[in-house]
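Asker: Handing you this structure, nothing more for now.
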Amino acid sequence: MSITITWHGHATFSLNVNGTKLVVDPFFDGNPAAKVAAADVAADYILLTHGHGDHIADTLPIAQRTGAMVISNFEIYTWLAAKGNANGHGQSIGGGYHHPFGHVKMTIAFHGSSLPDGSYGGMPGGFLLTLDGKRIYIAGDTALYSDMALIGQGGLDVAILPIGDNYTMGPDDALLALGYLKPKVVIPCHYNTWPVIAVDAEAWAERVRQETESEPVVLAVEGSYTL
Ligand code: NI
Ligand code: MN
């Protein structure tokens, strides 16, 4: 049993869960930080936190080529279905579902979720994944919120948090988030893609070590963490 988390730059991750490939917010071809082309991505499932272009991005071509099931909120599920995606699963905030690879619960996020064509994309979210008894929280694009304490209840093995500021939590608020979430490991994302979200991640990681109980894991693009 193993779970490997790979960062592809920005908020794009893949998780290999005992051989099942999950891709979160697949932003490859327009992503200045990415080193992999969308055409080369393998996926069994695609998880979308919200509808913004830097998250939904390459979803349709990857889903069409691989046949991957797209897991998203209900509004994005219906939008993708109208675009021709036949293999989707809609959930809503607070709702969980036992997928073949593990349990997926959608969590709140304070952000927007309009779709690239201006359509209403429903509420933005994050994901609380329970995979092989491991609990992984993917915050999505969000501000800090104190109900993160509820997500931390029961323990978290990994939290994936945005730290880039401007569009999401910045480094200071991400440290406060760790006080609520108390994960064993924190992986930062949504930074350094563009100058407006430039962050010194190593300096932030040192503050995590000094000021929290969590272990920071700063991944290089295409770097992985296995738990
Ligand atoms: Ni966004
Ligand atoms: Mn974003």
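Asker: What fraction of the DSSP beta bridges in the chain is antiparallel, stated in percent and rounded to the nearest 5?
Answerer: 55
Asker: Can you work out the Karplus-derived ³J(HN,Hα) for every residue in segment 15-26? Use 6.51 cos²θ - 1.76 cosθ + 1.60 with θ = phi - 60°, whole Hz, and x for glycine or proline.
Answerer: 10, 9, 10, 6, x, 7, 9, 9, 10, 9, 6, x
Asker: Sorting check: for 11-19, 193-201, 129-137, which peptide has the highest mean count of neighbouring beta carbons within 10 Å, and how do the rest follow?
Answerer: 11-19, 129-137, 193-201
Asker: Residue by residue through segment 33-48, which ³J(HN,Hα) values in whole Hz follow from phi under the Karplus form 6.51 cos²θ - 1.76 cosθ + 1.60 (θ = phi - 60°), with glycine and proline marked x?
Answerer: So the Karplus estimates, Gly and Pro as x, are 8, 6, 10, 10, 8, 4, 5, 9, 8, 9, 7, 9, 9, 10, 10, 10 Hz.
Asker: Then there's this: Once you put a point 7 Å from the Cα of T20 and another 7 Å from the Cα of A143, both along the Cβ direction, what distance in nm separates them?
Answerer: 3.5
Asker: Hey, another quick one. Tally Lys/Arg at +1 and Asp/Glu at -1 over every other residue whose Cβ is under 12 Å from the Cβ of H55; what's the total?
Answerer: -4
Asker: If you don't mind, there's one more thing I want to ask. Take each of the peptides 162-171, 58-67, average the number of other beta-carbon atoms within 10 Å over its residues, and list them starting from the highest. Write down the numbers at each step before the final one.
Answerer: Details: 162-171: 21.7, 58-67: 18.4.
Order by mean packing, descending: 162-171, 58-67.
Asker: With +1 assigned to the C-beta of every Lys and Arg and -1 to the C-beta of every Asp and Glu, and no other charges, what is the dipole magnitude of the chain about the Cα centre in debye, to the nearest 20?
Answerer: The dipole of the chain has a size of about 600 debye.
Asker: Now for a different question. Farthest toward the dipole's positive end in the chain, which of N16, P100, A37, given Cβ charges of +1 (Lys, Arg) and -1 (Asp, Glu) about the Cα centre?
Answerer: P100
Asker: Would you compute, from DSSP H runs of 4+ residues alone, the mean residue ellipticity of the chain at 222 nm, taking -39500 (n - 2.57) per run and dividing by the full residue count, rounded to the nearest 500? Before the final figure, lay out each step's value.
Answerer: Values: 6 runs with 48 residues, N = 227.
Dividing the helical sum by the residues of the chain leaves -5500 deg cm²/dmol.
Asker: Lys/Arg Cβ at +1, Asp/Glu Cβ at -1, dipole of the chain taken about the Cα centre: which of I163, T78, G125 is farthest positive-ward?
Answerer: The residue sitting farthest along the positive end of the dipole is T78.
Asker: Would you kindly derive the ³J(HN,Hα) couplings of segment 87-100 from the backbone phi angles with the Karplus curve 6.51 cos²θ - 1.76 cosθ + 1.60 (θ = phi - 60°), listing them in order in whole Hz, with x for Gly and Pro?
Answerer: 10, x, 9, x, 10, 9, 3, x, x, x, 8, 7, 7, x
Readers should treat all values here as calculations from the given coordinates under stated rules, not as data from a laboratory. Nothing here was measured: the structure is a model prediction, and the numbers come from that model. Here the Cβ is made from the backbone with ideal geometry for all residues, glycine too, and neighbour counts use every protein chain on show.
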